Amino acid sequence: MKKMSKTSLIGWFMLITAIGMGLEILLNWRLFIPLLIGCFLIYKGKSSSKNRNVYLIIGLSLLAIPILSSAFLKFFIFAAVIYGLIEYSKSKKQAQKIIVETIEPEPKSSQIKKKRPFIKNMFVGSQRVVNEVFEWDDINIQCGFGDTVIDLGMTMLPQGESVVVIRNLVGNIQLLVPFDASVVINHSSISGKLKVFNDETELFNSNIIYYPDSGQQTLRTIKIITNVLVGNVEVKRI
């Protein structure tokens, strides 16, 4: 029997916790009634122009009562903290720093090919990749807790659009991009700041699309898509 991976185990644990929370709230009227009233007030607040913020604040507060009172949530938080401490003790206490240096891509064959990306996901801990040379692929990674630094200064980008997608729960993201490439940033955050070169924007539960190089003609463009629950994102030229 094939051994289940750590990522699959975490995913199943989160799914079971969510199902358990749902059943616990549905079967306990003391938890279900505040949830029902909270959902109604949030709906009323979105559809009403008067006292909108009051409805939303009261609704979210009532919505938080059954969720925070759930025994499944408390068990999940306890297990997540223990797991995070164990993983953190195994890792170095420094931010992830990924310096990307690429070689010219090989000609693509007509056969369907599958491969593992060079830059991988990391839920907890630090990852440091320095002075490594590999064929360029669009970057699509997920990070859990901690800061992430990706250095594209030595990257041999192909002509056209290259995509960098980073999702992070809690922590800061810094992207260092070369001067000869234009950038487009699509950023979503619950709480944090977006700093693009010298322009800084503070976000709260919002999304922003930024075109700092609009009007400039360049052969290479880096499209950056970032999603952060809590944390800052900085895009800087080097």
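Condition first: surrounded by 12 or more Cβ atoms within 10 Å (Cβ to Cβ) and of a type in the set (Phe, Trp, Tyr). Now tell me which residues in region 21-80 satisfy that.
32, 40, 43, 55, 72, 75, 76
With the requirement that a residue be surrounded by fewer than 16 Cβ atoms within 10 Å (Cβ to Cβ) and part of a strand (DSSP E or B), what does region 172-192 give you?
So in region 172-192, the residues surrounded by fewer than 16 Cβ atoms within 10 Å (Cβ to Cβ) come out as 179-180, 186, 190-191.
Across region 172-192, the qualifying residues are 186, 190, 191.
So, of the residues in region 208-236 that are within 22 Å of the chain's Cα centre (by Cα) and basic (Lys, Arg), which turns out to be least open to solvent (accessible area, probe 1.4 Å)?
223
Report, by residue number, each residue of region 195-232 that is in contact (Cβ under 8 Å) with a residue 40 or more places away in the chain and in contact with a His (Cβ under 6 Å, 6 or more places away or on another chain). Step through it out loud before you land on a result.
From region 195-232, those in contact (Cβ under 8 Å) with a residue 40 or more places away in the chain are 195, 197, 219-232; that's our starting set.
Within region 195-232, just 226 meets the criteria.
The values are calculated or read from the model by the stated rules, or taken from the named source; none is laboratory data. All of these numbers come straight from a predicted model, not from anything done at the bench. Virtual Cβ from ideal backbone geometry, glycine too; neighbours counted across all protein chains shown. The area values use the complete protein model at the heavy-atom level, side chains included, leaving out ligands, DNA and RNA. Shrake-Rupley method; radii C 1.70, N 1.55, O 1.52, S 1.80 Å.
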